[in-house]
Amino acid sequence: MKLTKEQDEKFKKLGISSFIELSLIIPNSYEDYRINNFLVEHKSQVIDATVESVYRAPNSIQITFYAHNLGHSIQGVLFRPRPYMMHQFKVGERDYFYGLCDCKMGKCTMTMPKKISQVGEITPKYKSTLRSDVLQRFIQKNLTLEKLASEGLKEYIATEILKLHFPASIPSKELETPTIDALKYTELFSYMKQLSVKRRYFSALSSSARDYKKWAGTLPFELTQKQIEAIEDIKKDISKDVAAKRMIVGDVGSGKTMVILAAAYMNMPNKSILMSPTTILANQLYEEAKKYLPYAKITLVTNKSKKLDLSEYDLIIGTHALLYRELPKASLVMVDEQHRFGTQQRNMLEKLVSSGDKKPHYLQFSATPIPRTQAMIETAHIDVSLITSTPFKKDITSKVIHKQDFKDLLGHIKSEISKGNQVLLVYPLVEQSEVLEYQSIDEARGYWEKNFDGVYVTHGKDKEKEQVLLDFAKDGNILIATTVVEVGISLPKLSTVVIVGAERLGLSTLHQLRGRVSRTGLKGYCYLYTNASASERLNEFCHTVSGFDIANMDLKYRKSGDLLKGVNQSGSQFKWIDLAEDESIVSVVKKDLKS
Ligand code: ADP
Ligand code: MG
């Protein structure tokens, strides 16, 4: 639909791009401009009046009106009047005035009267980047059922929302459920529609997929049902001549590497590229790839590797060093732990191997569990596969502990180390200690280094981070780190994680940290050390294992504000939709957008 010049201008000022978005700017109050011939006490109302006199006192203005509709005089009072208010009252002129009316002992007053031009209707008041009356007139003229319907909004929903802008009676202060549901629906519809419009489809560089079943038969274990489902999704994707765009989300340890390798296998003889956020991880992926894809030609690209001709390989694995190499055309591009890269880096890789208007199939892997509703919403612009199970049940005991439990904790740590297992201690950020009631890494390390052997320390800004992790993996007993060290590196002997100041962290972060232990079936322990007394949130966390359930819990507690402000608290992008509760609305919108 083409916009008129005025519509275009107003939309820009409001920062919107559709009539549906316009409908979502709802009134925050209403004024009743209907005119009566009786006065209702203590109610804002309209009079049809002639100004008989205006008297200025130091801090107020007194106006005597004769109200024709009431048949008597009424005294107007403006407190602390601003200069522009004065011009409304000219002795001898007859106009409509609106204000709060009261009568005491036969004497009637109107507080803060203002002249109005429109009378006879209930007038919505808006708070936006446009003046309320300007927006109101614009909405009156432009917001119609036809326009909303032409943008795809269902008629019964549009009707419900229009009632807010064109009320037949004064709506109650609390919105009613059908109205709220309509707002939720509309908000989501608008959001998802924009996402899906933004999604662009490109031709693929290749469109074939080998069957993976024979390869799966060579593995030392059976793929899990969820791994198979994700692989099947990818198989369909890469068989198409439209470039795929898919996000595969699965908990730490859900076996995403096998899905990556299956994808590379299915894509052969076409080339695949896999980018990973750290050298350690890239190495680990490379080792696994060589082990499970023995017939493929695989190479590893890091800052340290020589600049070889990469054109002869089936699978090129690397860190972001890939972005600075001459890359052959690869028809499948994958990014592991995608949240560790910036959007720019991810796009760069995809672009590097695109050719003309053809693009590679593009798969992103993420271990950050998202709520189901969020995943459903994402599908508007990217396909999503969820791996919701892990190959073997992780046996991790999670427990909230306090200062008085420290002695027991020491005992546990000693006993784990004596069994050859390793322990991770997570402390708050190095530089934040001044405001915190917990020790920082620098304050705490001395104690551990004095009392234990094999203590390694690292943090987010540590340039030697990777080397420290490798050394620890080989020889260490205790690793002291910040939450930043949450990469998907495999530490098979890690049995225990202690998180200091756990109540400060989001549940998803705690879950990521807990996911470091018991990677290969070792009995694991997760201790949440806190000075706070009781926390329902942490207790519930201890009893929940699935990252997807944790993501939903996170939503719930975030809403109740149980998390300290500023810590990991990314607010929702929605005003009405509640990701924790509105799954049914999300699925209806999703269906409606498809049809
Ligand atoms: P993620 O990348 O999702 O965190 P990984 O791919 O590193 O998880 O897998 C974790 C561990 O599980 C690895 O040691 C891997 O070899 C093993 N694994 C993967 N799939 C299976 C399976 N179907 N059955 C048994 N073990 C598996
Ligand atoms: Mg992984």
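The values are calculated or read from the model by the stated rules, or taken from the named source; none is laboratory data. Only a predicted model underlies this, so the values are computations on that prediction, with no experimental measurement involved. When we count neighbours, we look across all protein chains shown, and the Cβ atoms used for this are built from the backbone with ideal geometry, even at glycine. When the accessible area is computed, the model is the full protein with side chains, heavy atoms only, and any ligands, DNA or RNA have been set aside. Shrake-Rupley method; radii C 1.70, N 1.55, O 1.52, S 1.80 Å.
Side notes on the structure shown:
- Hey, LYS461 loosely packed, with under 14 Cβ neighbours inside 10 Å and closer than 30 Å to GLU222 by Cα or not: no
- Cβ pairs under 6 Å, 6+ apart, first in the stretch 326-343 and under 12 Å from MET247 (Cα atoms) and within 16 Å of ligand 1 (Cβ to nearest atom), second at pLDDT below 90 and open to solvent by 30 Å² or more (accessible area, probe 1.4 Å): VAL335/ARG346; HIS339/THR368
- Lone unmet requirement of (1) surrounded by 14 or more Cβ atoms within 10 Å (Cβ to Cβ); (2) in a loop (DSSP other than H, G, I, E, B) for LYS114: (2)
The rows are residues; the columns are (1) touching a helix residue (DSSP H, G or I) at 6+ places or on another chain (Cβ under 9 Å); (2) among the hydroxyl-bearing types (Ser, Thr, Tyr); (3) surrounded by 15 or more Cβ atoms within 10 Å (Cβ to Cβ).
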site: LEU24; (1), (2), (3): yes, no, yes
site: ARG34; (1), (2), (3): no, no, no
site: TYR84; (1), (2), (3): no, yes, no
site: PHE89; (1), (2), (3): no, no, yes
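- Residue within the stretch 255-262 that is in contact with a strand residue (DSSP E or B) (Cβ under 8 Å, 6 or more places away or on another chain), free of Cβ contacts under 8 Å to residues at least 60 places away in the same chain and crowded, with 22+ Cβ neighbours inside 10 Å present: no
- The set of residues from the stretch 65-95 being among the hydroxyl-bearing types (Ser, Thr, Tyr) and modelled with pLDDT under 95 comprises SER73, TYR84.
- Search result, residues across the stretch 360-374 that are surrounded by 19 or more Cβ atoms within 10 Å (Cβ to Cβ), part of a strand (DSSP E or B) and within 16 Å of ligand 2 (Cβ to nearest atom): LEU363, GLN364, PHE365
- Set ILE377, ILE382: member being more than 16 Å from ligand 2 (Cβ to nearest atom), of a type in the set (Val, Ile, Thr) and crowded, with 19+ Cβ neighbours inside 10 Å: ILE377
- When each of GLY120, GLY92 is tested for being assigned to a loop (DSSP other than H, G, I, E, B) and either of a type in the set (Asp, Glu) or over 48 Å from the mean Cα position of the chain (by Cα) (or both), the lone residue that passes is GLY92.
- Residue within the stretch 262-283 that is within 12 Å of ligand 2 (Cβ to nearest atom), closer than 17 Å to GLN364 by Cα and in a helix (DSSP H, G or I) present: yes
- Taken across the stretch 228-246, residues that are within 13 Å of ligand 1 (Cβ to nearest atom) and surrounded by fewer than 22 Cβ atoms within 10 Å (Cβ to Cβ) do occur, with at least one present.
- Residue satisfying all of: in the stretch 247-292; more than 16 Å from ligand 1 (Cβ to nearest atom) and at pLDDT 95 or above; nearest to THR388 (Cα to Cα) among these: MET266
- Residue ID - farthest from ligand 2 (Cβ to nearest atom), chosen from residues in the stretch 331-359 that are under 15 Å from ILE260 (Cα atoms) and out of contact with any His (no Cβ under 6 Å at 6 or more places or on another chain): SER331
- Selection from the stretch 302-337 of residues that are among the polar types (S, T, N, Q) and farther than 15 Å from LEU285 by Cβ: ASN303, SER311, SER331
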